[in-house]
Structure formats: C-alpha cells, structure tokens
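J.: Can you read through this structure? Questions will come right after.
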Amino acid sequence: MLAKHLEAFIANHGTLDGALTGVSIRLASSGELWYGHHHQTRFRPASNMKLLTAAAALEKLGEDYRFSTEVWVNGTVENNSLDGDLYVKGKGDPTLLPQDLSSIVESIQEQGIHSITGNLYVDDTWYDDVRLSPDLTWSDETFYYGAQISAFTISPTTDFDTGSVCIEIVPGKAPGELTSMIIQPETNYVEIVNQVITAGPGGEADIISERVHGGNVVYINGTIPADSEPAKEWIAVWDPTLYAFDFFKQAWKRADIHWTGQGQSAQVPSTARLIYTNKSMPLSKILIPFMKLSNNGIGDILVKEMGRQFLGEGSWDKGLEVVHEALTDIGVPTESIIIRDGSGISHATSISPDFLSMLLYQVQDKPWYDVFLHSLPVAGHKDRMTAGTLQERMEKLDVKAKTGTIFGVSTLSGYLRTKSNQAIIFSLMLNYLMDEEAGPDVLDEMVQIISEHEFD
C-alpha cells in the first residue's frame, strides 16, 4: 500500500515533473529496507551531507572535544612588559565571538603583561590556506553560507556563522529616503556602500547584496517599505583571519595595553612559550547550531579539524579521508559515495538515499547517538534552537530530521514515529527541481504519507 501511494504521488505531482526523486525507508528496529525508489542512485544531498560530518566528528573527535585558541610569547616579561613578540594562534574554534577575544586579552593582562616592545602576530597555520570549499560557486561567496574557512575566525552572533558580518537595513521614515545600516559586530573592516531606498508602505523588501571579490566593500541595493521591519543580510568577509585579528587588536587597545610594533601574520616560532589557552564549548553543544541551523562553516571546520588531528594536515582532502574512515567504522562503507566538503554546498557531492538511511540506522548503536539525535531539527517545535530549519514544518508529525537545500535540490533525512507509534528511518531526495523552494512542501507531503502507513 505504501509503495502504491508513494509511486502515485511521485508520478502525479507537478513539481516532480522532470526531476529525480529518491526514497529509502527502513524500520528503525531492524534496518530492513521497507521501500525504495531510486534508492541506490546517487543524488546531490545538499545539507544532508552534514549527517555524515556530524557522525564522523562524534566517532573520531568525541562529544567532549573542544577547540583551542592559544596565546604564545617569544621573549621575556619584566616589570609588566613583554620584551618580545606575542602570538595568538587559532586552532579552528568556530564559536569565538568578539567578546571572547576581549576576555582572552583580559586574561593575558591578569598575567602581568601591560605593554609589549615587539609585535602582535596572528598564526592561522593550523589549517591550510585554501579558504573556499572546492566546488563553491562564485555567487555564494558573498554570503555567510559561503564564508571562507580559517583556523582563526569569529562570528557576529551565537548562530556562529564564522567569518561573516550581520548588516541590518533600517527603512527611512518616508518614501525616497536612504535607509540606514547597522553592522554587527561593529567594525571598520567591512565598508558598506548603501544604495537601498525607502519605498512606500506595503509590499516586501527587494534587496540585493554583493561583496566585491578580493575585498571587503559590500554594495547593497534595492528598496524596503517604510513600514516594514528592518531587513538583515549576513555577508561573508574577505580573509576572516585578518577580520578576527582586527578585533583582537581592538581588544588590546581597549585594555590599554601598548605595543610598539605592528600587527602581522606569522607562525609561532619554536622558541615561543604558551601562556594561555581558551577552550570552546564541547562538540556536543557545537552540533546544535551546526545541525539545527545548518551551519556550513562549522561543517567545513570539523572536516579540517579531523584532518589536522588524525593525519596532521588541516585540509579538505585529509579531513575527508578521516570522514571516509569514520563512516566505514560506523558500518556504512563509502565506496559508493562522492563527498567533497563537510557542509553539502558542493554540487559534486553525491550520496544515495540508501546510504543515508543506513547511516541513520547504524548510528543508533553508538554511545554518542543521543547527542547526534538531539542535534537534529525537531519538526514544528516553537523554540528555534530546538526546531532549527524545521520550525515551520510538519507541526503535527513526530519528526527529527536534517534538511538540505541548494539550487535545484531539496532533501530530508531522519527519524519518524508514525501515527501508529512505529519508528521509521527515511531519506527523501529531490534533484533537478525547477523550483527548489517548492521542494520542502513536497517532502513534507511524502512524510505525511509515510506516517499514515502501517508497517506490519
């Protein structure tokens, strides 16, 4: 009966005309494949790739793993003065906020360093210098979800969109007036060219943003109604290392700690000594914004971190080697998949629905499964950090699942408790959609059909 209903739905739904639809449904108790439709065909998974990254990170790094930011000195400290150089070394922490850099500076000051006769340096060599994931399209480079990856980076908010700024566009009081802009965190590192005009009341904002390649000049054009709430644009910066380092230097100035040299980039020398280490929240908590908010930056940082920790190189290539190894250890051999990054923004990454549903089955036996399950968006929940990307979807269904969207792609994979209280694992993947924004409604209808079926 389920096969009949789903086949009819796929055949007759206009949104799926010319598209490719993949379905894999398993019993959560046994892993038995109950229904498949193109289930062994590779699809672009979009952010369903994050299921693989999260599982691999939990398997390899562990739920208690914490990232570090270190401070090193190369010189001697006498009379509250460092005669030498000070280095801040980033080691991938995706949760650093500007206020954390201020706290680091305060901790250094408490150790008796009130002035420096040498230079301030930033060291981001923990990862390689390849900033953008291999298949990122140029149009994504402007926005937070396509931000550059660095071992030393900060975020504007506790959503932890690394290497980005949030720009709030406030309409004027009357049509024709230029809007005002508020940037968070406040910085001169990014220059905003405001060309957004206040429109008459009613309607919707029509705003286009573009950051010039190779720099930090952001052009924002369009209109916003006079009676509307402020609009927000999250823009990726060029060179997140220097962006974060700029805030670090500002924190030194606010603390009234003087230095005579210039802030520069350099690797910590072998003669330096470690004086302070700042630790991130544990991986179990980092997975919440990563999975629920579908945070691309965290995903790619996790891949590079696994490469650095286990193969000595913080790169996508080495990190993905570790991901392959971890998935095989979990019980889902990876010979049939192609993965190119940790976030799913790649259009080259290809994974079958069967692979995803089997992964979701196998992780149930892992000691970290509860952490993994807790990180998944919960359909229809009112709390944003519980529901994540499923906050306004499937309110009447018991679903914990990961969403995915890139151009032409909409995916959804996770766990469902049916109306007859049966535990089901599903992976639904739509590729080559004419309108990917219509995809979530189609997927939700398919989950509704599955939820009404009796799995005898």
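A short reminder: the numbers here are calculations on the coordinates, not readings from a lab. Everything numeric here is computed off the predicted structure, so don't read it as measured data. FYI the Cβ positions are ideal-geometry reconstructions off the backbone, even for glycines, and counts take in every protein chain you see.
J.: Let me spell out the model: positive unit charges on the Cβ of Lys and Arg, negative unit charges on the Cβ of Asp and Glu, origin at the Cα centre of the range 164-236. What dipole size does that give, in debye rounded to 20?
T.: 120
J.: So, one more: What nm value, rounded to one decimal, do you get for the distance between E210 and H114 when each label is placed 7 Å out toward the C-beta?
T.: Distance between the two pseudo-spin positions: 5.2 nm.
J.: Still on this structure: With the cut-off at 14 Å, report for the range 255-320 the share of all Cα pairs above it, as a whole percent.
T.: Percentage above 14 Å: 74.
J.: Separate question: Using per-residue counts of other Cβ atoms within 10 Å, averaged over each peptide, order 166-174, 67-75 from highest down.
T.: On the way: 166-174: 16.8, 67-75: 20.2.
Ranked by mean Cβ neighbours within 10 Å, highest first: 67-75, 166-174.
J.: Evaluate 2.2 N^0.38 Å with N set to the residue count of the range 283-434, then give the Cα radius of gyration divided by it.
T.: 1.04
J.: Same structure again: Hey, could you grab the Kirkwood Rh for the range 284-361? Inverse mean 1/r over distinct alpha carbon pairs, Å, one decimal. Could the numbers behind the result be given before it?
T.: Details: mean 1/r = 0.0769 Å⁻¹.
Kirkwood radius, the range 284-361: 13.0 Å.
J.: Continuing with this model, one more query. Kindly express, to the nearest 10 degrees and within the range 0 to 90, the angle between helix 316-330's C-alpha long axis and the longest C-alpha principal axis of the chain.
T.: 50
J.: With r defined as the distance between the Cβ atoms of T76 and S139 and R0 fixed at 60 Å, what FRET efficiency is calculated, to the nearest 0.05?
T.: Working from the Cβ atoms, E equals 0.70.
J.: Here is a follow-up. Antiparallel DSSP bridges in the chain: what percent, to the nearest 5?
T.: Roughly 80 percent of the beta bridges in the chain run antiparallel, per DSSP.
J.: Test of understanding: what is the full-extension gain from F407 to E445, defined as 0.36 nm times their sequence separation minus their Cα-Cα distance?
T.: Extra length from F407 to E445 when fully extended: 11.6 nm.
J.: Using 0.36 nm times the number of residues separating E186 and S420, minus their current alpha carbon distance, what extension gain do you get? Before the final figure, lay out each step's value.
T.: On the way: separation 234, 0.36 × 234 = 84.24 nm, distance 5.25 nm.
In short, 79.0 nm is gained.
J.: What is the local net charge at S155, summed over the other residues whose Cβ is closer than 11 Å to its Cβ (Lys, Arg +1; Asp, Glu -1)? Display every interim value, and only then the final one.
T.: Working: positive: none; negative: D93, D100, D159, D161.
Here the count lands on -4.
J.: Which value, in debye to the nearest 20, describes the size of the charge dipole of the chain about its Cα centre when Lys and Arg Cβ atoms bear +1, Asp and Glu Cβ atoms bear -1, and nothing else is charged?
T.: The calculated dipole for the chain is roughly 600 debye.
J.: Also: Note the full-extension length gain between T41 and S270 as 0.36 nm times their separation in residues minus their Cα-Cα distance, in nm to one decimal.
T.: Values: separation 229, 0.36 × 229 = 82.44 nm, distance 5.08 nm.
Stretched fully, the T41-S270 segment lengthens by 77.4 nm.
J.: Please give the net charge around L86, taking every other residue with its beta carbon less than 13 angstrom from that of L86, where Lys and Arg add +1 and Asp and Glu add -1.
T.: Summing Lys and Arg as +1 and Asp and Glu as -1 gives -1.
J.: Above 17 angstrom, tally the Cα pairs of the range 340-385 and express them as a % of all pairs, no decimals. Before the final figure, lay out the partial values.
T.: Working: 577 of 1035 pairs.
Percent of Cα pairs beyond 17 Å in the range 340-385: 56.
J.: Take the range 164-236, drop everything but the C-alpha atoms, weight them equally and run the Debye formula without solvent; then report log10 I(q)/I(0) at 0.17, 0.25, 0.26 Å⁻¹ to two decimals.
T.: Here the Debye-derived log intensity ratios amount to -0.57, -1.08, -1.14.
J.: May I pose another question? Antiparallel versus total DSSP beta bridges in the range 164-236: what percent is that, nearest 5?
T.: 65
J.: With everything on Cα atoms, drop me the angle between helix 240-254 and the longest principal axis of the chain, reported from 0 to 90° to the nearest 10.
T.: That works out to roughly 40 degrees.
J.: With charges only on Cβ, +1 for K and R and -1 for D and E, what is the dipole size of the range 298-339 about its Cα centre, in debye, rounded to 20? Don't jump to the answer; show the numbers that get you there.
T.: Numbers: 3 positive and 8 negative charges, 23 e Å.
With only Lys, Arg, Asp and Glu charged at Cβ, the dipole is about 120 debye.
J.: For the chain, max minus min Cα coordinate along each principal axis, in Å, sorted largest first?
T.: So the three principal-axis extents are 81, 59, 33 Å.
J.: Show me the ranking of peptides 388-401, 341-354 by mean Cβ neighbours inside 10 Å, starting with the highest.
T.: Listed from highest to lowest mean packing, they are 341-354, 388-401.
J.: Mind checking the angle between helix 2-12 and the chain's longest principal axis? C-alpha axes, 0 to 90 degrees, to the nearest 10.
T.: The helix 2-12 is inclined about 80 degrees to the chain.
J.: Net charge near Q262, counting Lys/Arg +1 and Asp/Glu -1 over other residues with Cβ under 12 Å of its Cβ?
T.: Spelling it out: positives minus negatives among the neighbours equals 0.
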